[in-house]
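A short write-up of the structure that comes next.
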Amino acid sequence: MAKILIVDDSPFTRHLLGVIVKMGGHQVIGSAEDGREGFEKYKTLRPDIVTLDWMMPSKSGEAVLKKIIEFHPYAKVIMITGWANKSIEARVLQAGAKAFIEKCNVQKELLQVIDKVMEN
């Protein structure tokens, strides 16, 4: 069972991700609605995995990813976005994300990706 922090500016998406995570037998230990709050909660909660939205107000997911990796180089971050393209995917994977999921595929891919990330 993974302890997961969900960071997304959309209340609907945070709820949906939480439902998916719990259905997979994992625990949501926190959620945040923007990047600043997400980074602060990461430092406090020390989750096994962070699901992180790419586009958020106040601080982008990419900026938060870089701060998390700088703070904890072995952090397991799954970037989730509705604005997917290969350039964004390459940048976030190079910056340290363990996986990249498009929001339109999140229901069928998230639990598989969590299991894969936890194995590594």
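What follows draws every value from the coordinates through simple rules; no lab data is involved. This structure is a prediction, so every number in the text was calculated from the model and none was measured. Neighbour counts are summed over all protein chains in view; Cβ atoms, including those assigned to glycine, are modelled from backbone coordinates with ideal geometry.
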Item checked: Helix-only CD estimate at 222 nm, as mean residue ellipticity for the chain, using -39500 (n - 2.57) per DSSP H run (n ≥ 4) -> -15000 deg cm²/dmol
Margin query: Residue by residue through segment 31-41, what is 3J(HN,Hα) from phi via Karplus (6.51 cos²θ - 1.76 cosθ + 1.60, θ = phi - 60°)? Round to whole Hz and write x for glycine and proline.
Written below: 8, 9, 9, 8, x, 4, 4, x, 5, 4, 5
Note to self: Can you give me the long-range amide H partners of residue 31? Hydrogens built in the peptide plane at 1.01 Å from N, cutoff under 5 Å, separation of 5 or more residues or another chain.
What the structure shows: 6
Item checked: Cα-based shape type of segment 80-120, given that a ≥ b ≥ c are square roots of the gyration tensor eigenvalues and the cut on a/c is 1.5 -> oblate
Note to self: I need the phi-derived Karplus couplings for segment 44-57: 6.51 cos²θ - 1.76 cosθ + 1.60, θ = phi - 60°, integer Hz, Gly and Pro marked x.
What the structure shows: 7, 8, 6, x, 6, 9, 10, 9, 10, 6, 6, 10, 9, x
Note to self: So for each of 26-37, 104-115 I average, over its residues, the number of other beta carbons within 10 Å; can you give me the resulting order with the highest mean first?
What the structure shows: 26-37, 104-115
Note to self: Please compute the contact order of the chain in relative form: average sequence separation of alpha-carbon pairs under 8 Å and at least six residues apart, divided by the residue count, as a percent.
What the structure shows: 23 percent
Check: What residue among 80, 88, 68 shows peak mean-square fluctuation when the chain is described by a Gaussian network model with Cα springs under 10 Å?
Finding: 88
Item checked: Interchain or long-range residues, amide H under 5 Å from residue 80's placed H -> 52, 53, 54, 101
Note to self: I need the shape label for segment 7-91. Rule: rounded when a/c is under 1.5, else prolate if a/b > b/c, else oblate, with a, b, c from the alpha carbon gyration tensor.
What the structure shows: rounded
